[in-house]
Every structure is written in structure tokens, then in C-alpha cells.
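This report refers to the structure that appears directly beneath it.
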Amino acid sequence: MPYTIDLIAAARPNFMKVAPLYNALAALPDALRPRLVHTGQHYDRNMSDAFFSDLGLPDPHAHLGVGGGTHAEQTGRVMIEYEKLCMRERPDCTIVVGDVNSTLACAIAAAKLHIRVAHLEAGLRSGDRSMPEEINRIVTDSIADVLWTPSPDGDENLAREGVPAERICRVGNIMMDALEMSRARFEARQYARQLGLAAGGYGVVTLHRPSNVDDPAQLRVLADMLRESARSLPLVFPVHPRTHKCLVEFGLWETLKQPGITLLEPAGYIEFMSLLSTSAVAITDSGGLQEETTYLGIPCLTLRENTERPITVTEGTNRLMRPGEVPHAIRLIHERRWPQGRTPQLWDGRTAGRVVADLLRRAPTW
Ligand code: UD1
């Protein structure tokens, strides 16, 4: 009987973490059988299908079709549907990635059926429990059997929370595997040129955190900041569905339609990496972008009060700031006075290989 491994894919930031690992597992002899499970947390074509095709992922073995809802509704539906799948076709191990609601839900459902749970991108902590992702990280890590971390701060956080050392393995950052796997394609894509923008002559904006977009006063401050910044640097803004909904509802959407701001639908992975890789700066509240910009050496202005990825600040190009500080930061970048940063250890495009090696080492005793 092959050793069956479920890989949980759910929302946009999961797909690039799952793809390199799926490829590495699928390349092994038949002893291991990876199965892709899509929970359906993200369901729009450009939030999901585009990533499957850009990353060369096959159709999932199972699609749970849960869709949106409140946190409890979404988490609960994923638990119910994933438990049914496990009871019908039991895997030997469930691998969850990142920190979205489906990560937590599948980890709980599997752990209660005594299925081994491994968490890729374990140990990250912002220290901010008002973020839904922080709750997802803490709970997932507390029940996972194996914790694959991207950086030393992850190991330290887990040790402080009492996780035994033998469960922790530092494997590096899987996002860089996806980036390197796709580099030739996104470099050839030249999406900025298609939009009429010169390489190095524009900024990329992404915003979707509830703390930034759900509050009308905060979103207004951010919209004002974007309009002011666009006077000195053209901005491209692929707008997340949550953000679009809030901008429209709060009467801010039309105010962003001004010269210097290009509003786009959410971009696919190849389009987005093409845009990011030739940009001058990223203005964002995303976790993944803080890491990708550090790896690409592009300045990153993070509109948050904390980050679960502190290594992007201590070693990389990332700085946390308030909206009012962005125009000054853009001036510093123009004047080439932004710290260059360096690539953290094990962010080298070979993380999937280290995950598979650790899995093969542990699997015989499971
Ligand atoms: C989720 C993750 C977040 C991740 C983000 C990336 C959690 C708690 N949050 O947040 O960590 O950074 O994904 O996008 O899991 N929607 C659509 N189409 C879609 C997906 C969502 O219209 O394909 C709408 C939903 O109906 C909802 C809103 O967007 O109104 C938010 O979606 P949801 O999945 O709840 O959370 P995200 O904000 O995307």
C-alpha cells in the first residue's frame, strides 16, 4: 500500500507553497502518493484556478467546495467536509501550509482521527492575537506532529511554547522554490511593459488585511496615501475581492481612479511575479510579499504594526510603517537610500527537497 499524503490547498497564498512540494512528492517512486485537496476557501477564477494553471498543479483529487462565510462557518465547513473525506479515503499523513482558516480546520479534523499532521511554515508569530491568522498559527502548531519552519525565529517561538525539539525541522522558505520554479516564465512575461510602465519606475500595491480594509476610516487614510504617493511614483494595484468590496461600500473606489494609479483585478502568479520583479517598491500588508521582496531585493513598505516574519526586517528589505510615512520612504528609495538587505539562510529554492527528506526519515515509524 502506498503511503498517502494529503496536501491541503485552500486559498491564494497556499497554492505557491503546495506546488513545489507536490512536484517533489510526485517525482518519488510509488511508495508515496500525494493527493491534492482543495477546500474551496478561495473560489474565484483569479484567486484559485489561475494559480493552479500558472503553477502547473493538476486538478485536485478532491474539492470540498466550502466557499466564504464567517470564520466559524468557514472553519466549521472545512472540518466537516475534510473529516468526511478522511473517513472515506483515509490518508497516512496530512500536510497543511501557511495560516489560513483551512490550515487550522484540516489540522484539527486530521489530528482527531489520529492522522499524522505536518505543518509547513510553522512557528511564525506576530504576537498579535487580533489577527485571525495568528490564532490559526498557534492552534495548528500546538497539535501538529511535525513542524517545518522557514527561519530561526520560528524554531525559537516553538521552543518557547514547549514544542519538543524532535518535532521541529528547519527547512527554509518554500515560497522561494515556487519563485525559482517559475522565474523563466515570469521574466519572459513583461507584464509591466504591457501596462505601459517602465521597469523600476513604478510601485506595486496589495492590501487585504481586515485591520486595514474593513474599517472605513483606516481605508480612507490608505486611499489618501495612495493618491499622494502616485504623484511621485506610478502605482499598480491588483485589488483583492475583500478590498474591492470595502472600497466600493465606503465610497472610495472612484477616488482611486486618477492618473498614476492602475487598478487591476487580482493577478495570477506569473503576472504578479512579473510585475513585482521589475518594480521599484512594494506597498503591502501581505505576509508573502514581505518574503518575496526580501528575496528579490526590492524595498517593501508594510502597512502593519507587527509582522510574523521579522527576519524580513532584520535581514531583508522590509520596513513596517504607518500610511503617513510612505511618501517619505518613497523619496528615500528614489534617492537609493534604502537598505539592501540579504537573503536569509535556506531561502534557496531547495526547501521542498528538505521537506521530503524529513518526511522520508519519519514516515517508517508512523
Ligand atoms: C484569506 C486568509 C489570509 C490570506 C488571504 C489571501 C484566513 C483567515 N485569511 O483572507 O490569511 O492572506 O486569504 O487572499 O484564512 N472572496 C471572493 N472570492 C474568492 C475568495 C474570497 O470573492 O475567491 C471574498 C469572500 O467572499 C469574502 C472576502 O473575499 O468576502 C474574504 O475572503 P476570505 O477567504 O474570507 O478571507 P481573505 O480576506 O481572502
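The values are calculated or read from the model by the stated rules, or taken from the named source; none is laboratory data. Just so we're clear, the structure is a prediction, and the values are computed from it rather than from any experiment. Note that we place each Cβ from the backbone using ideal geometry, even for glycine, and neighbour counts take in every protein chain shown. Heavy atoms of the whole protein, side chains included, go into the accessibility calculation; ligands, DNA and RNA do not. Shrake-Rupley method; radii C 1.70, N 1.55, O 1.52, S 1.80 Å.
Apolar share of the accessible surface for the range 259-366: 50 percent from carbon plus sulfur atoms, 1.4 Å probe.
Each Lys and Arg Cβ is given +1 and each Asp and Glu Cβ -1; about its Cα centre, the chain then shows a dipole of about 400 debye. Counting only protein heavy atoms and a 1.4 Å probe, the chain has 42 square angstrom of accessible area per residue.
Note on the range 186-234 and the range 35-74: Cα centroid distance 26 Å, given to the nearest whole angstrom.
Computed on the Cα trace of the range 1-149, the radius of gyration divided by the Kirkwood hydrodynamic radius gives Rg/Rh = 0.94. Based on the Stokes-Einstein relation at 25 °C and a viscosity of 0.890 mPa s, and on the Kirkwood radius from alpha carbon pairs, the chain is assigned a translational diffusion coefficient of 117 µm²/s.
Under the criterion of Cα pairs below 8 Å and six or more residues apart, the relative contact order for the chain equals 16 percent. Once all protein chains are placed together, S142 keeps about 80 Å² accessible to a 1.4 angstrom probe. Here is the P(r) of the range 87-163: all C-alpha pair distances, binned every 5 Å from 0, give 3, 18, 29, 24, 16, 6, 3, 1 in whole percents. Dipole of the range 281-341 computed with +1 at Lys/Arg Cβ and -1 at Asp/Glu Cβ about the Cα centre; of H334, G324, T314, farthest Cα towards the positive end is H334. All C-alpha pair distances within the range 78-125, sorted into 10 Å bins from zero, spread as 29, 56, 14, 1 percent across the bins. Take every pair of alpha-carbon atoms less than 8 Å apart whose residues are at least six positions apart; their mean separation over the length of the range 122-214 yields a relative contact order of 22 percent. Kirkwood analysis of the Cα pair distances in the range 237-347 returns a hydrodynamic radius of 15.0 Å. For K112, a cut-off of 16 angstrom between C-alpha atoms picks up these lysines, skipping any fewer than 8 places away in its own chain: K84.
Count Lys and Arg as plus one, Asp and Glu as minus one, and take only other residues whose Cβ is under 12 Å from that of S126; the net charge is then -2. For the listed peptides 261-271, 188-198, a ranking on the average number of other beta carbons within 10 Å per residue, highest first, reads 261-271, 188-198.
Taking N as the residue count of the range 85-241, its C-alpha radius of gyration divided by 2.2 N^0.38 Å amounts to 1.33.
Solvent-accessible area of the range 1-90 (1.4 angstrom probe, protein heavy atoms only): carbon and sulfur portion equals 54 percent.
Under 30 Å of direct C-alpha separation, and excluding same-chain neighbours fewer than eight residues apart, K245 reaches these lysines: K17, K257.
Histogrammed with a bin width of 10 Å, the alpha carbon distances of the range 164-289 distribute as 12, 40, 29, 14, 5, 1 percent, first bin at zero.
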